[in-house]
Amino acid sequence: MNLAALRLVAALVALVLAGVVLALVLFDRMAPPPPPAPAPQARNLGQWQPVTARGEPVALDFVDGEGAARSLAEWRGRVVLVNLWATWCAPCVEEMPALDRIAARLGGPGFDVVAISVDRQGAAVVAPFLGKLGLSRLAPYLDPSNAAVRVLGAPGLPVSVVLDREGRELGRVLGAAEWDSPAFEALLRRAIGP
């Protein structure tokens, strides 16, 4: 093959490549745009979400700081604010003092706060943590198996569920809440009733 023939072949290859690149660019411009990404699901973090219909009483077992078996059934007859939390969860840590204050204000025969830690290390980390924060009204309840997360259908931590006197869910809050704020205190007082 002579030099002239090689130049002709090279020119044809370059022409074909340029055509392919041009076709790809035009095709890309003519292709419909990709569909928009789905909007993130609104989770109403920190907002009260009432249930539309009360279901069955919540059946949940856990242990106390001494390792003794406990059950939410023990709180029947009281309105209960069940809070799932962990020492490593920053929003949980932020929320704990408000839970302690509302337990001090409203706690008694008609209301209690049951804050259940899902820390895998159990009482070894939870009891010192509660003491360090000076939380005197919150008992160290533990669920290192995370069964409570499944039972309550918690998408993350913290999650708080308010139960009526029969143990049925009234509503919940996903994420941290200012439980001792006037709005949440009024909500709990309505649930407790006269």
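Summary table
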| item | result |
| --- | --- |
| Meets criteria (in contact (Cβ under 8 Å) with a residue 60 or more places away in the chain, loosely packed, with under 15 Cβ neighbours inside 10 Å and within 24 Å of ALA59 (Cβ to Cβ)) for GLU94 | no |
| Among the residues listed as ALA154, ALA139, ALA98, ALA176, the single one being out of contact with any His (no Cβ under 9 Å at 6 or more places or on another chain) and in a helix (DSSP H, G or I) | ALA98 |
| Leading residue by the ranking (surrounded by the most Cβ atoms within 10 Å (Cβ to Cβ)) among those in region 179-194 that are touching a Lys or Arg at 6+ places or on another chain (Cβ under 9 Å) and part of a loop (DSSP other than H, G, I, E, B) | TRP179 |
| Counted residues, region 102-112 - those being buried (at least 19 other Cβ atoms within 10 Å of the Cβ), of a type outside the set (Phe, Trp, Tyr) and either touching an Asp or Glu at 6+ places or on another chain (Cβ under 6 Å) or in contact (Cβ under 8 Å) with a residue 40 or more places away in the chain (or both) | 2 |
| Matching entry among ALA127, ALA53 (being in the same structural domain as GLU185 (by TED's automatic domain parsing), in a loop (DSSP other than H, G, I, E, B) and surrounded by fewer than 21 Cβ atoms within 10 Å (Cβ to Cβ)) | ALA53 |
| Selection count where residues are part of a loop (DSSP other than H, G, I, E, B) and acidic (Asp, Glu), scope region 56-80 | 3 |
| Matching option when the condition is surrounded by fewer than 16 Cβ atoms within 10 Å (Cβ to Cβ) and under 24 Å from ALA69 (Cβ atoms), among ARG168, ARG137 | ARG168 |
| The listed residue being out of contact with any Cys (no Cβ under 8 Å at 6 or more places or on another chain), more than 25 Å from LEU187 (Cβ to Cβ) and without any contact (Cβ under 8 Å) to a residue 60 or more places away in the chain, out of SER136, SER145 | SER145 |
| Subset of region 101-124 [assigned to a helix (DSSP H, G or I) and either of a type in the set (Gly, Ala, Ser) or within 10 Å of PRO158 (Cβ to Cβ) (or both)] | ALA103, ALA104, ALA123, ALA124 |
| Evaluation of ALA154 against (1) hydrophobic (A, V, I, L, M, F, W, C); (2) more than 13 Å from ALA86 (Cβ to Cβ); (3) surrounded by 18 or more Cβ atoms within 10 Å (Cβ to Cβ) (one fails), failing number | (2) |
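The values are calculated or read from the model by the stated rules, or taken from the named source; none is laboratory data. Not measured: the values here are computed from a predicted model. Because the Cβ atoms are built from the backbone with ideal geometry, glycine has one as well, and the counts that use them run over all protein chains shown.
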